[in-house]
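Student: Mind having a look at this structure? Questions to follow.
The values are calculated or read from the model by the stated rules, or taken from the named source; none is laboratory data. What you are looking at is a predicted structure, and each value in this text was computed from that prediction instead of being measured. Glycine gets a Cβ as well: all are built from the backbone with ideal geometry, and neighbour counts include every protein chain shown. Accessible surface is based on the protein model in full, side chains and every heavy atom, while ligands, DNA and RNA are left aside. Shrake-Rupley method; radii C 1.70, N 1.55, O 1.52, S 1.80 Å.
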Number of protein chains: 2
Amino acid sequence: MKRTFPNSYVLGFALVFLAAATAQASDPLPSWNDGKTKQAIIGFVEDVTQEGGPHYVPPEARIATFDNDGTLWVEYPMYTQVLFAFERVKELAPQHPEWKTKQPFKALLAGDMKTVGASGMKGLMEIVLATHSGMTATEFAQEAGDWLRDTQHPKFKRPYVEAIYQPQLELLDYLRANGFKTFIVSGGGIAFMRPVTQEAYGIPPEQVVGSSVVSEFKIKNGKPVLVRMPKIDFINDKAGKPVGIYEHIGRRPILAFGNSDSDMQMIEYTLGGEGRRLGLFVHHTDAEREFAYDRKSHVGTLDKALDQAAANGWIIVDMKKDWKAVFPAR
Amino acid sequence: MKRTFPNSYVLGFALVFLAAATAQASDPLPSWNDGKTKQAIIGFVEDVTQEGGPHYVPPEARIATFDNDGTLWVEYPMYTQVLFAFERVKELAPQHPEWKTKQPFKALLAGDMKTVGASGMKGLMEIVLATHSGMTATEFAQEAGDWLRDTQHPKFKRPYVEAIYQPQLELLDYLRANGFKTFIVSGGGIAFMRPVTQEAYGIPPEQVVGSSVVSEFKIKNGKPVLVRMPKIDFINDKAGKPVGIYEHIGRRPILAFGNSDSDMQMIEYTLGGEGRRLGLFVHHTDAEREFAYDRKSHVGTLDKALDQAAANGWIIVDMKKDWKAVFPAR
């Protein structure tokens, strides 16, 4: 008889666990708090997948595009790719004695970030091109992938590849389970993201659209390779995002998700098609669990989009209110 | 008793039909004649899909790229897209009075193909840009798709969208059934092919890589659209093919299929990776069922690739010998 109590305790625990699992199975977005935003997303997906319904969209046209920095992974206090470029400058410095006297490299190596910042977009581009070109495509993929897996975000004490948003992972899964094809459409470098998008988001490299440098086909040591050149090919940002979508995907998305004014054109383009459409922005409102920034931020500026959201039917996702969890459990 | 004979006749017919159907089901490439080429293809697919085998390739890395003109659809006696451009010049002429005096438009409108030809690549580019820009992405897709569905190939008396090779359709299906993702990688215009690639080949627009013009995001009559500009963005041909593959797909294919010297770099790049790889060229040897052309042809020149095939392990597919049927039954 002594065993009855512990056994029923075990059974009770199992039942509670089962009930929790069932509740979760019936909620495709467990890390999204109940409310208007979650309802809007689920209502949209139900509408476009309802065969015979007025808003039905065939599976092949269910294209969803997501910005990356600030929408799928953390971009604050500085874009991940910029941090990568800064660290690469330090690593590559021994091979570049000329950097000792050349700005903005000299300032960066001396830790003088004020001078680096004063060099503006031109200086930043020099740093990015110097660290993102000269090697083969395969070599760069290795460098970027290793760095993203091995380097920790200072606030979250987790690798950058895991400084990604749990509610968005659930949304990506939910969309794919409903026949959507999910794409990244980012101002970031296409080759910087691709090495990790499958493991991070379940998005294969061929479904990543981003900024790029010119590359050239060459035979190097008898091997056919692609060499990355120190020249910008395409900036996939702002009005470049719909262009990148046309070039890479060739259809207009029916759902687009961003987090800054740089995503406005992608979302305008998405909502400009016929039928049911959805456009969303992450609003970073959670200083405690993540960061709070918007109109005056030096990264991910969200200003005009906030003003125009209501008039355009754009959904502003309030991180603090709408997200039950921010990061995946480790 | 009189009915016995007819009934057994019907039964016999049914059995023969069933046997034929079974034979076909067991042969994934019924329009390919048995022989070395077919064996090489099937052997390759079996090798890379055999789990635990020495040549196993995980499904996500099973990328196959196909040239289009002369590899998937007919390119002779003239590239389909060039014929489309020529016809569009005639249709658009009333809106372009300046063409009456401007070469090569004047010659083209007068049917003076010798002068058009003498204008060379520069003249051809002028014709292509004049007919492929100025409209929105959606408008151009409509024009190209309609034309490909409505215009007949003079020799085959079937629309261009159906002047496609049956053995290749079977190969595409066979590859996809074995977990491959199939892509078009063509020197032709990406926006010219995309409207029909799904219906013709089962390849969605986002898996088409090709040449492109610059496009711009604009608000036109209050609608967000992409406008095609009269400027070449990228020529996806020769050494441009590996670059297009890197940009759009982001991984090295393990199978590539072309038909001309313009496909050599794509096939070199494909075979330059680790592990089991396959590179093939269609050799147009069938003057009766299709066309016979190679080294001296003005389209789809196959010359250097023929010389270098054996040394490089490239497979030359002999259309006359290797293909049981050329076009799909109508």
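Student: Based on what the data block shows, is A:E290 in a loop (DSSP other than H, G, I, E, B), under 30 Å from B:T197 (Cα atoms) and among the acidic types (D, E)? Give the steps one after another, and end with the answer.
Tutor: Details: in a loop (DSSP other than H, G, I, E, B): yes; under 30 Å from B:T197 (Cα atoms): no; among the acidic types (D, E): yes.
Spelling it out, it is not the case that A:E290 is in a loop (DSSP other than H, G, I, E, B), under 30 Å from B:T197 (Cα atoms) and among the acidic types (D, E).
Student: Pull up segment A:212-224, narrow it to residues that are open to solvent by 20 Å² or more (accessible area, probe 1.4 Å) and hydrophobic (A, V, I, L, M, F, W, C), then point me to the one that is farthest from the chain's Cα centre (by Cα).
Tutor: Here is the first cut: in segment A:212-224, the residues open to solvent by 20 Å² or more (accessible area, probe 1.4 Å) are A:214, A:216-223.
Checking which are hydrophobic (A, V, I, L, M, F, W, C) leaves us with A:214, A:217, A:219.
Details: A:V214: 23, A:F217: 29, A:I219: 34 Å.
Selected residue: A:I219.
Student: Now a separate question. For A:L302, work out the one condition from (1) within 18 Å of the chain's Cα centre (by Cα); (2) surrounded by fewer than 20 Cβ atoms within 10 Å (Cβ to Cβ) it doesn't fulfil.
Tutor: The single condition A:L302 does not satisfy is (2).
Student: Separate question: Within segment A:123-155, track down each residue that is within 25 Å of B:Y269 (Cα to Cα) and polar (S, T, N, Q). Outline the logic, then answer.
Tutor: Filtering segment A:123-155 down to residues within 25 Å of B:Y269 (Cα to Cα) leaves A:129, A:131-146.
Across segment A:123-155, the qualifying residues are A:T131, A:S133, A:T136, A:T138, A:Q142.
Student: Going by the conditions given, is A:T197 in contact with a strand residue (DSSP E or B) (Cβ under 8 Å, 6 or more places away or on another chain), open to solvent by 40 Å² or more (accessible area, probe 1.4 Å), within 12 Å of another protein chain (Cβ to nearest Cβ) and not charged (D, E, K, R)?
Tutor: Working: in contact with a strand residue (DSSP E or B) (Cβ under 8 Å, 6 or more places away or on another chain): yes; open to solvent by 40 Å² or more (accessible area, probe 1.4 Å): no; within 12 Å of another protein chain (Cβ to nearest Cβ): yes; not charged (D, E, K, R): yes.
The answer is no for A:T197.
Student: Next up: I'm trying to understand the selection: among the residues of segment A:249-260, which are at the interface with chain B (Cβ under 7 Å from one of its Cβ atoms) and open to solvent by less than 20 Å² (accessible area, probe 1.4 Å)?
Tutor: First, pick out the residues of segment A:249-260 that are at the interface with chain B (Cβ under 7 Å from one of its Cβ atoms): A:249-251.
A:I249, the sole residue that qualifies.
Student: Right, next: Can you pull out every residue in segment A:287-328 that is touching a residue at least 60 places away in the same chain (Cβ under 8 Å) and aliphatic (A, V, I, L, M)?
Tutor: Answer for segment A:287-328, where residues must be touching a residue at least 60 places away in the same chain (Cβ under 8 Å) and aliphatic (A, V, I, L, M): A:V299, A:I315, A:V317, A:A325, A:V326.
Student: Under 23 Å from A:V213 (Cα atoms) and in contact (Cβ under 8 Å) with a residue 60 or more places away in the chain: is that true of A:I245 in this structure? Give the derivation first.
Tutor: Working: under 23 Å from A:V213 (Cα atoms): yes; in contact (Cβ under 8 Å) with a residue 60 or more places away in the chain: yes.
In short, yes.
Student: Of the residues B:N178, B:N236, which is farther than 30 Å from B:K296 by Cα and either surrounded by fewer than 23 Cβ atoms within 10 Å (Cβ to Cβ) or more than 8 Å from chain A (Cβ to nearest Cβ) (or both)? Write out each step before concluding.
Tutor: Numbers: B:N236 fails: farther than 30 Å from B:K296 by Cα.
Just one listed residue meets the conditions, B:N178.
Student: Among the residues of segment A:37-94 satisfying the criterion of being small (G, A, S) and away from every other protein chain (no Cβ under 14 Å), which is most open to solvent (accessible area, probe 1.4 Å)? Write out each step before concluding.
Tutor: We begin by selecting, within segment A:37-94, every residue small (G, A, S); these are A:40, A:43, A:52-53, A:61, A:64, A:70, A:85, A:93.
Those left that are additionally away from every other protein chain (no Cβ under 14 Å): A:40, A:43, A:52-53, A:70, A:85, A:93.
Working: A:A40: 30, A:G43: 22, A:G52: 84, A:G53: 16, A:G70: 0, A:A85: 1, A:A93: 22 Å².
Out of the qualifying residues, it is A:G52.
Student: So B:L172 passes all but one of these: (1) among the hydrophobic types (A, V, I, L, M, F, W, C); (2) open to solvent by less than 20 Å² (accessible area, probe 1.4 Å); (3) farther than 23 Å from B:I63 by Cβ; (4) away from chain A (no Cβ under 14 Å). Which condition number does it fail?
Tutor: The one condition B:L172 does not meet is (3).
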